[in-house]
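Let me begin by presenting the structure, written as structure tokens, before commenting on it.
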Amino acid sequence: MPNSLSERAQRLIFIGLIVALVVFGVYLSLGGFGGGDDEPEEQTAAPEQARSNQEDGAGESTALDGMSTVEPSPITTTDENDVDVLTWFPLGEDELRAAGATARSFAEAYGTIDYTQSPETYFGAMEELATDEYAEVLADTSRVGAFWEEMSEAEAVAEGRAEVDRIRTFGDDSVTFVVTAQSITETGDAEFDEDLGEFAVTVVREGGAWSVFDFQPADVGQFGEE
């Protein structure tokens, strides 16, 4: 059957069909036939929900200080008249007592001399209270050795006495005490008190016990393990 349409008309019809197909495709991509009706509502609701959440948290954020993320929690404070100052020390009260007792015993041993005994006996009483390192050089120190020489030449019998005056410095495992020492001597018919002066006695903790690390006159300026 011969085609009644001219070539020009056929071309226009073909172009019209292509345009219709393109329009139909665009319509579908934009959610035609009601497929995307719900989604725009959810999208519009989201900003409103976000704005509501921001408003709900606004009061809470302004209640916090600066950049804090938690509410402040003030520490408990103590009135100055009720403070237990011993809690400021790295050592407990019993530890300080034991350390002070060692320092005092050493100073007492220093002042206790019996010329009838050997010098080893005199030095040994102090070496038992000293660290191994200090015990090795104790008899060689001019202070201890010279005192023994002086008292033995005078044929003196002396009893040492000592009292802890104060703490000069302290650390986690060491304390330097300032100790006043005496040597109550009896030479022949004469009895007299000999004040030996103040001494800096440094004790250190070794294996749960305290030992003397150094012993010298307080005015020398001995400060702990230095």
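The values are calculated or read from the model by the stated rules, or taken from the named source; none is laboratory data. Model, not experiment: these values are computed from the prediction. Backbone-built Cβ (ideal geometry, glycine too); neighbour counts: all protein chains shown.
Filtering Met126, Met151 for residues that are within 23 Å of Trp210 (Cα to Cα), of a type in the set (A, V, I, L, M, F, W, C) and in a helix (DSSP H, G or I) leaves a single hit, Met126. If you go through region 187-226 and pick out every residue that is within 26 Å of Glu153 (Cα to Cα), loosely packed, with under 14 Cβ neighbours inside 10 Å and modelled with pLDDT under 80, you end up with 6.
State all residues of region 155-170 that are more than 17 Å from Thr121 (Cβ to Cβ) and surrounded by 14 or more Cβ atoms within 10 Å (Cβ to Cβ); if no residue qualifies, say none. Those that are more than 17 Å from Thr121 (Cβ to Cβ) and surrounded by 14 or more Cβ atoms within 10 Å (Cβ to Cβ): Arg161, Ala162, Val164, Ile167, Arg168, Thr169, Phe170. Selection of region 119-165 for residues being of a type in the set (Gly, Ala, Ser), at pLDDT below 90 and closer than 21 Å to Val220 by Cα yields Ala139, Ser142, Gly145, Ala146. Restricting the first member to region 91-104 and to residues that are on the phi > 0 side of the Ramachandran plot, and the second to residues that are of a type in the set (Phe, Trp, Tyr), no beta-carbon pair is closer than 8 Å while six or more apart or on different chains. Take the conditions (1) among the hydroxyl-bearing types (Ser, Thr, Tyr); (2) over 35 Å from the mean Cα position of the chain (by Cα); (3) part of a helix (DSSP H, G or I); Ser105 misses just one of them, which is (2).
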